[in-house]
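The values are calculated or read from the model by the stated rules, or taken from the named source; none is laboratory data. Remember, it's a predicted structure, so these values are computed and weren't measured experimentally. Here the Cβ is made from the backbone with ideal geometry for all residues, glycine too, and neighbour counts use every protein chain on show.
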Amino acid sequence: MNAGIINVTGYAGCELARILYQHPEISITTVTGRSAAGEKLGAVFPHLSGLDLTITSELQGSVDVVFSALPHKASAEAVIPLVNQGIKTIDISADFRLKNKAEYAEWYGVEHPDPSFLEDSVYGLTEIHRDEISDCILTA
């Protein structure tokens, strides 16, 4: 399965790359990060030097799944176009964990960029939502 990571240069994105790199069925094919765009991933993070990837500002090529490691609100704005394209997306931020837009605004102090996706996302707790996760396009 070809995977992309949005914001590999943040802590969550870097850890995600480290974990996915060891997964036998995942091939990381594209990574983004504003602060290091144009640099080799292994030059920025030596422990990931086995991944021969250049950090870009936008996702490159085709992927089966995208992981977003952006902070809340920024992540929602980035993943909505991916979901609209039918790309399976896993959002590590909290943008799609809550189903209610009023609760989102209360907790995060901003309005959700597109609350129409809140109802369709599935919280990624496999012990409880395993069946729903396998069929959904947006996992929170």
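Quick notes
- Here 98, 41 are screened, and the one residue that is under 21 Å from residue 135 (Cα atoms) and surrounded by 19 or more Cβ atoms within 10 Å (Cβ to Cβ) is 98.
Conditions (1) closer than 19 Å to residue 15 by Cβ; (2) free of Cβ contacts under 8 Å to residues at least 24 places away in the same chain; (3) among the hydrophobic types (A, V, I, L, M, F, W, C), marked per residue:
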{"position": "62", "(1), (2), (3)": "no, no, no"}
{"position": "70", "(1), (2), (3)": "yes, no, yes"}
{"position": "88", "(1), (2), (3)": "no, no, no"}
{"position": "101", "(1), (2), (3)": "no, yes, no"}
{"position": "105", "(1), (2), (3)": "no, yes, yes"}
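- Count of residues meeting criterion [surrounded by 15 or more Cβ atoms within 10 Å (Cβ to Cβ) and in a helix (DSSP H, G or I)] in region 70-84: 8
- Checked against the criterion of being surrounded by 20 or more Cβ atoms within 10 Å (Cβ to Cβ), within 17 Å of residue 133 (Cβ to Cβ) and of a type in the set (Val, Ile, Thr), the candidates 92, 87 yield just one match: 92.
- Between 9, 29, the distinction of being part of a loop (DSSP other than H, G, I, E, B), surrounded by 15 or more Cβ atoms within 10 Å (Cβ to Cβ) and among the hydroxyl-bearing types (Ser, Thr, Tyr) belongs to 9 only.
- Selection of first residues in region 116-140 that are in a helix (DSSP H, G or I) and crowded, with 20+ Cβ neighbours inside 10 Å and of second residues that are at pLDDT 90 or above and not small (Gly, Ala, Ser), restricted to Cβ pairs under 7 Å at least 6 apart or on distinct chains, gives the following pairs, ordered by first then second residue: 117/80; 117/83; 117/96; 117/138.
- Residues located in region 100-127, provided they are of a type in the set (Val, Ile, Thr) and within 14 Å of residue 140 (Cα to Cα): 122, 126
- Restricting 79, 110 to residues that are in contact (Cβ under 8 Å) with a residue 40 or more places away in the chain and of a type outside the set (Gly, Ala, Ser) narrows the list to 79.
- Just one of the numbered conditions (1) in contact (Cβ under 8 Å) with a residue 24 or more places away in the chain; (2) closer than 23 Å to residue 1 by Cα; (3) buried (at least 18 other Cβ atoms within 10 Å of the Cβ) is not true of residue 58: (3).
- On inspection, residue 41 fails the criterion of being touching a Leu at 6+ places or on another chain (Cβ under 7 Å), under 20 Å from residue 12 (Cα atoms), modelled with pLDDT under 95 and not basic (Lys, Arg).
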